[in-house]
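Peer 1: One structure, pasted below without further comment.
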4 protein chains.
Amino acid sequence: MELDLHLYSVRTDLALEAKELAEGPQRNPIPGVNEEVQEADGIKITRLQVGNEMGSRAIGRTVGNYVTLEVPALRGGDTGLQQKVTEVFAREFEDFMTRIGIGKNSKALIVGLGNWNVTPDSLGPLVVENTLITRQFYELVPDQVEPGYRNVSAVAPGVLGLTGIESSEVVQGIIDRTRPDFIIAIDALASRSLERINTTIQIADIGIHPGSGIGNKRRGLTREILGIPCIAIGVPTVCYASTIVNNVLEMMKTHFGQGTPHTKKIMGMLDEISENERLSLVKEVLEPLGHDLIVTPKEIDEFIEEIANIVASGLNTALHEAVDPTNVGAYTH
Amino acid sequence: MELDLHLYSVRTDLALEAKELAEGPQRNPIPGVNEEVQEADGIKITRLQVGNEMGSRAIGRTVGNYVTLEVPALRGGDTGLQQKVTEVFAREFEDFMTRIGIGKNSKALIVGLGNWNVTPDSLGPLVVENTLITRQFYELVPDQVEPGYRNVSAVAPGVLGLTGIESSEVVQGIIDRTRPDFIIAIDALASRSLERINTTIQIADIGIHPGSGIGNKRRGLTREILGIPCIAIGVPTVCYASTIVNNVLEMMKTHFGQGTPHTKKIMGMLDEISENERLSLVKEVLEPLGHDLIVTPKEIDEFIEEIANIVASGLNTALHEAVDPTNVGAYTH
Amino acid sequence: MELDLHLYSVRTDLALEAKELAEGPQRNPIPGVNEEVQEADGIKITRLQVGNEMGSRAIGRTVGNYVTLEVPALRGGDTGLQQKVTEVFAREFEDFMTRIGIGKNSKALIVGLGNWNVTPDSLGPLVVENTLITRQFYELVPDQVEPGYRNVSAVAPGVLGLTGIESSEVVQGIIDRTRPDFIIAIDALASRSLERINTTIQIADIGIHPGSGIGNKRRGLTREILGIPCIAIGVPTVCYASTIVNNVLEMMKTHFGQGTPHTKKIMGMLDEISENERLSLVKEVLEPLGHDLIVTPKEIDEFIEEIANIVASGLNTALHEAVDPTNVGAYTH
Amino acid sequence: MELDLHLYSVRTDLALEAKELAEGPQRNPIPGVNEEVQEADGIKITRLQVGNEMGSRAIGRTVGNYVTLEVPALRGGDTGLQQKVTEVFAREFEDFMTRIGIGKNSKALIVGLGNWNVTPDSLGPLVVENTLITRQFYELVPDQVEPGYRNVSAVAPGVLGLTGIESSEVVQGIIDRTRPDFIIAIDALASRSLERINTTIQIADIGIHPGSGIGNKRRGLTREILGIPCIAIGVPTVCYASTIVNNVLEMMKTHFGQGTPHTKKIMGMLDEISENERLSLVKEVLEPLGHDLIVTPKEIDEFIEEIANIVASGLNTALHEAVDPTNVGAYTH
């Protein structure tokens, strides 16, 4: 029962949002969590470092590095901005690899998580379709591979409902056989903020954790389990319906708190509603279809294609020295 | 401004729901609207007839016939039930054609509205892919067409964002050239009730109207405009986020109304919030992404494929005498 | 019977090849056909002008302009070359529009012919998916369209087998409704030469003619029928199996002609086989599956995606002044 | 060099054709190869048993069992026949499992080999999309699985060019992790006979061998390598262009052999052409695009969907006791 209610509380896959929730409205600094913010050209870069167990517990995220790009104007369809974001993402991803010790010749396996049949969950497979794959040449004609190209393979393992197999099992099986040096896992995420949907990219070195993502991806793809670094790239493409409902309740408090003495009284009473009462209210609203209702913009197909293109082009640029912003278009479709 | 707020009020594409809203909680009968309900095998059939202008104004729907199949258990994946619904839908559709005077040899053009790239909007194109097309044989080898097959063509005109052309313009152009006797337009709808998503099929003889459906389908496909009957088949596959927010507010009233004297006081005050206050609250919550946020179950890909299969098989059975429930599987993919 | 045999003779959709066949091995110049050849960077451009009826009859092609780009190395996957070809194609297409009197503000309708379910026939639909569509903005918010963007719409009408409707009927219906100033029709072609498959692009102002293309596209899309200019862009993606068989017979003649006195005798006798004998031999070989067998490289998916990307990027650059080679990647997917 | 020429000789993936070639025109029985033929309702079933090494060497196939269904009329689009073939295939597959000792509770992994982007190579992925998957229920809610459903998972591992990884490596990795009791591998094949394209289904217990199939599927999926039985289901969907060329040469011999004394002389001389001369002739014809040219009917999309449906429905019926011919349509899409 408590578990059930937990599903209706505010859910986010972004470390940045978890930190914001932990800070509260007063934005109290959190011990053990280091933050560095940089902003230029309409792109806000936040580099979070969860340095120890205390910080980890405080925000409910694993110890590790999290880089978040926020580009509020990204849904506007401005192709110049898209190119800029691709370049910034490529540079940040390259820096990220360097920082966690991944060398120029390390072999990469790109994993596109998610369900290709559900538009907002298709980010991972879409990125995989557009990345430059070279491992076959290293295997078949190693002496003919031109310099400047890293050994890269890629797979979209599908979801449990399509294959009957956890995607993590598929990936682990492939790792055992092909022995890459590191993993890049791409996944669609859920945000608690509508503004961040399709405007935000998160890079993290903590792998993919149970229950993350919007698909059925139970067990983890982590360094501990796989024995090699696993960089997770996530883009929020949906939020849960429960988030919307929670937002209404929040908004009502604010709304009534700013009103007449009469409405202020309502707010006082809303404040008194216990957390459990609140959650059961949310549950009641969403009951008919369960807690897995997702909220997504109607134009999700365009947004997802644009952002998949940014991530794929960025990865191609960051992974292969021979690819740069002037020729990257030729490698993606 | 008023227009804007209007977008955040309760929206539904189902005549049944429009009627329920007009009836209010007391379920007052509506003059000019005739209703006949029948229930068997877990399938509820409601035949609404909006007989005159008064009824039309009362529920905000065009004068015409509306048949709705509700099958609450349909999302359960029970293949026996799916077969049963296919048969009932085929029978109802055949009766509907007879009732509005469509003969056995009338030529049909099936129009699959919606965006094939957005899963919950892909119902129309999916149905088109699975219907049995025969017009080419009537054109090329008319004397070789076996008896029992009607002249049927089908097209998925795409959406404005993909083609730059209103789907109604595409369809009208095709009608001018190919001269079908009637149109069957299939479209994904929005419901105001989560229970009805992917469990309900509506058949209506009123065509497709401006602003209906979840895609960009402005101008209408109606008998007045096209000069031939246009049967619309609709399945709610989403509801709007604004519906969820409105549901929360409703639910809170009920919730507090059943509680302690203390919470009852909250309800009283909630009741006093004006309609405009309510709408502006909804607007505020959804502002960041606008009013076109859609809510859909995560497993939408499976639901949509199942229900597209039901509609396509049902149409094949109803349109062609040579196709019956025992061989219909062979015609759909 | 004669008709049947005709289907097994050498078939080509390229004017260049029709001219080569008419010239014969001696390459006799053909009255009424003007030719201009230019070669640079591995790209051979041939501008054919069929100036009068005599030329037209001689090569069996309509009076008009034909520009052919041949890039033998294009299948090599060299992204630099692909970019170069995109630029050259864009420039040639722009010149072509100017030459036939299409102005900078003329409204374009792009038509992607062919069957999206058959890889070598999916060129047209693939190009349509990747072109920049603007007509909806001109219709809905005309004063907000930024300068430098032409009014462009696009449609993939499907093939007879999928819709029951000739693609030309669909297109004519759309033209009647949307009144574009000119048409650009993209289609996969058949070549008589294996070398030209996926390495050649033809631009012509003669529309699409009955029986052209590898799909079922009977009636024509021509200036005479439509009343507006129709530029056809074609890429050979297959050759017919009958071509292969004919090639074998040709090759045998050459082979034996160069051999010993003994084999020379064979050649002599092969020469004596009548044309009808030859055709009935071809027919006999292909009988079991009919004359519509197509021959295509196994890696057709990669080739077709690359060349669709070249055509789409080239069109985007040529049609919109605001798009140029440095930003074109952002408009295609 | 010899290797090169070898690629241009007659190639087939069907054991039946290998046997026919070995028998020669006189149809001499082959020691070590046992054959049983049965024919009814337009379906010819041939059960070959390659019993020992001698038989294996004679026809160039591994020791094992091969069942072939030939249905010449299958391309005719007769839905009644398709249903019949589905039933016969299901029955034969069930018998085959019994014969090689696979129990009713053995866990199956279905592997759909091939490239989903190339229509004639997409059979495997198409079948996987339409099979009934249950393993997830056995893993998550084992006590809720209804009786009559076997534990089945399924995967389409892609091809080397898409992933950079051999499909056999992907499959072996998944087997290591998920421990199925047997494998069913589905693959598109090449035939040497145009008649057999899309009309033939082969079931064999010899796994998938290096170089088989039309895709890049090197290393093997065999019992020896995997440690579990691997049933291969193959359908010829193409033949190689070299086969066509060889057919021409054969046909010419026959043709001239039946003619006048004059043409008979040609035949005599054609007979004298050495095997090497013949192969180098074939090579010369196909040189421009290499030996991997495939020949396929233009309507391949319809044929492949129909036969994928037959195989998927047949497998669902054979694998799950709860599925039978009357309800199988509900499980495939």
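Peer 1: Of the residues that sit in the stretch A:288-304 and are at pLDDT 85 or above, under 30 Å from A:N327 (Cβ atoms) and at the interface with chain B (Cβ under 8 Å from one of its Cβ atoms), which one is surrounded by the fewest Cβ atoms within 10 Å (Cβ to Cβ)? Before the answer, list the steps.
Peer 2: Initial filter on the stretch A:288-304 (at pLDDT 85 or above): A:294-297, A:300-304.
Narrowing further to those that are under 30 Å from A:N327 (Cβ atoms): A:300-304.
When the remaining residues are screened for being at the interface with chain B (Cβ under 8 Å from one of its Cβ atoms), the result is A:300-302.
Numbers: A:I300: 25, A:D301: 22, A:E302: 19.
Among those that are at pLDDT 85 or above, under 30 Å from A:N327 (Cβ atoms) and at the interface with chain B (Cβ under 8 Å from one of its Cβ atoms), it is A:E302.
Peer 1: A further question on this structure: Please go through the stretch D:126-141 and pick out each residue that is at pLDDT 95 or above and away from chain A (no Cβ under 11 Å).
Peer 2: Those that are at pLDDT 95 or above and away from chain A (no Cβ under 11 Å): D:L126, D:V127.
Peer 1: With respect to B:L81, determine if the residue is within 17 Å of the chain's Cα centre (by Cα), on the phi < 0 side of the Ramachandran plot and in a helix (DSSP H, G or I).
Peer 2: No.
Peer 1: Got at least one residue in the stretch A:122-142 being aliphatic (A, V, I, L, M), in contact with a Phe, Trp or Tyr (Cβ under 6 Å, 6 or more places away or on another chain) and over 20 Å from A:N309 (Cβ atoms)?
Peer 2: No; the residues of the stretch A:122-142 include none that is aliphatic (A, V, I, L, M), in contact with a Phe, Trp or Tyr (Cβ under 6 Å, 6 or more places away or on another chain) and over 20 Å from A:N309 (Cβ atoms).
Peer 1: Continuing with this model, one more query. Only one residue in A:I110, A:I186 is modelled with pLDDT of 95 or more, closer than 21 Å to A:Y66 by Cβ and touching a Ser or Thr at 6+ places or on another chain (Cβ under 7 Å), so which one is that? Explain how you work it out, then say what you get.
Peer 2: Numbers: A:I186 fails: touching a Ser or Thr at 6+ places or on another chain (Cβ under 7 Å).
Exactly one of A:I110, A:I186 is modelled with pLDDT of 95 or more, closer than 21 Å to A:Y66 by Cβ and touching a Ser or Thr at 6+ places or on another chain (Cβ under 7 Å), namely A:I110.
Conditions (1) under 19 Å from the mean Cα position of the chain (by Cα); (2) in a loop (DSSP other than H, G, I, E, B), marked per residue:
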position: D:T12; (1), (2): yes, yes
position: D:K19; (1), (2): yes, no
position: D:E35; (1), (2): yes, no
position: D:Q38; (1), (2): no, no
position: D:R61; (1), (2): yes, yes
position: D:Y66; (1), (2): yes, no
position: D:F89; (1), (2): yes, no
position: D:E94; (1), (2): yes, no
position: D:I102; (1), (2): no, yes
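Peer 1: Name the pairs whose Cβ atoms lie under 7 Å apart, with the first residue in the stretch D:50-66 and in contact (Cβ under 8 Å) with a residue 12 or more places away in the chain, the second basic (K, R), and 6 or more positions between them or separate chains?
Peer 2: Close Cβ pairs satisfying both conditions: D:V50/D:R61; D:I59/D:K19; D:N65/D:R99.
Peer 1: Pairs under 6 Å by beta carbon, first residue of a type in the set (S, T, Y) in the stretch A:67-85, partner crowded, with 18+ Cβ neighbours inside 10 Å, six or more apart or different chains?
Peer 2: A:T68/A:L16; A:T68/A:T46; A:T68/A:Q202; A:T79/C:A330
Peer 1: Among the residues of the stretch C:161-197, what is the count of those that are out of contact with any Pro (no Cβ under 7 Å at 6 or more places or on another chain) and within 11 Å of another protein chain (Cβ to nearest Cβ)?
Peer 2: Residues in the stretch C:161-197 being out of contact with any Pro (no Cβ under 7 Å at 6 or more places or on another chain) and within 11 Å of another protein chain (Cβ to nearest Cβ): 18 in total.
Peer 1: Another question, if that's okay. Take the stretch B:103-143 and flag every residue that is among the hydroxyl-bearing types (S, T, Y) and within 17 Å of B:G234 (Cβ to Cβ).
Peer 2: Passing the criteria: B:T119, B:S122, B:T131.
Peer 1: Okay, next question. Of the residues C:L226, C:L270, which single one is under 29 Å from C:A90 (Cα atoms), in contact with a helix residue (DSSP H, G or I) (Cβ under 9 Å, 6 or more places away or on another chain) and either of a type outside the set (V, I, T) or modelled with pLDDT under 80 (or both)?
Peer 2: C:L226
Peer 1: Still on this model: Does B:G158 count as within 9 Å of chain C (Cβ to nearest Cβ) and buried (at least 24 other Cβ atoms within 10 Å of the Cβ)?
Peer 2: yes
Peer 1: Would you confirm whether or not the stretch B:27-34 contains a residue that is assigned by TED's automatic domain parsing to the domain that holds B:T200, of a type in the set (S, T, N, Q) and farther than 30 Å from A:E299 by Cα?
Peer 2: Scanning the stretch B:27-34 turns up at least one residue that is assigned by TED's automatic domain parsing to the domain that holds B:T200, of a type in the set (S, T, N, Q) and farther than 30 Å from A:E299 by Cα.
Peer 1: Could you please find all residues in the stretch A:303-330 being within 18 Å of the chain's Cα centre (by Cα) and charged (D, E, K, R)?
Peer 2: Answer for the stretch A:303-330, where residues must be within 18 Å of the chain's Cα centre (by Cα) and charged (D, E, K, R): A:E305, A:E306.
Peer 1: Go through the stretch B:66-80 and give me each residue that's closer than 15 Å to B:V311 by Cβ and aliphatic (A, V, I, L, M).
Peer 2: B:V67, B:L69, B:V71, B:L74
Peer 1: Give the residue, chosen from D:G103, D:G80, D:G60, that is surrounded by fewer than 15 Cβ atoms within 10 Å (Cβ to Cβ) and within 14 Å of chain B (Cβ to nearest Cβ).
Peer 2: Residue meeting the stated conditions: D:G80.
Peer 1: For the stretch A:229-254, which residues satisfy the criterion of being modelled with pLDDT under 75 and either surrounded by fewer than 20 Cβ atoms within 10 Å (Cβ to Cβ) or part of a strand (DSSP E or B) (or both)?
Peer 2: Residues satisfying the conditions are A:L249, A:E250, A:M251, A:K253, A:T254.
Peer 1: One residue is enough: does the stretch D:35-42 have a residue meeting the conditions out of contact with any Ser or Thr (no Cβ under 9 Å at 6 or more places or on another chain), surrounded by 14 or more Cβ atoms within 10 Å (Cβ to Cβ) and touching a residue at least 60 places away in the same chain (Cβ under 8 Å)?
Peer 2: No, the stretch D:35-42 contains no residue that is out of contact with any Ser or Thr (no Cβ under 9 Å at 6 or more places or on another chain), surrounded by 14 or more Cβ atoms within 10 Å (Cβ to Cβ) and touching a residue at least 60 places away in the same chain (Cβ under 8 Å).
Peer 1: A follow-up question, please. For B:G114, state whether it is part of a helix (DSSP H, G or I), touching an Asp or Glu at 6+ places or on another chain (Cβ under 7 Å) and farther than 21 Å from B:D41 by Cα.
Peer 2: no
The values are calculated or read from the model by the stated rules, or taken from the named source; none is laboratory data. Remember, it's a predicted structure, so these values are computed and weren't measured experimentally. We place every Cβ from the backbone using ideal geometry, glycine too, and count neighbours over all the protein chains shown.
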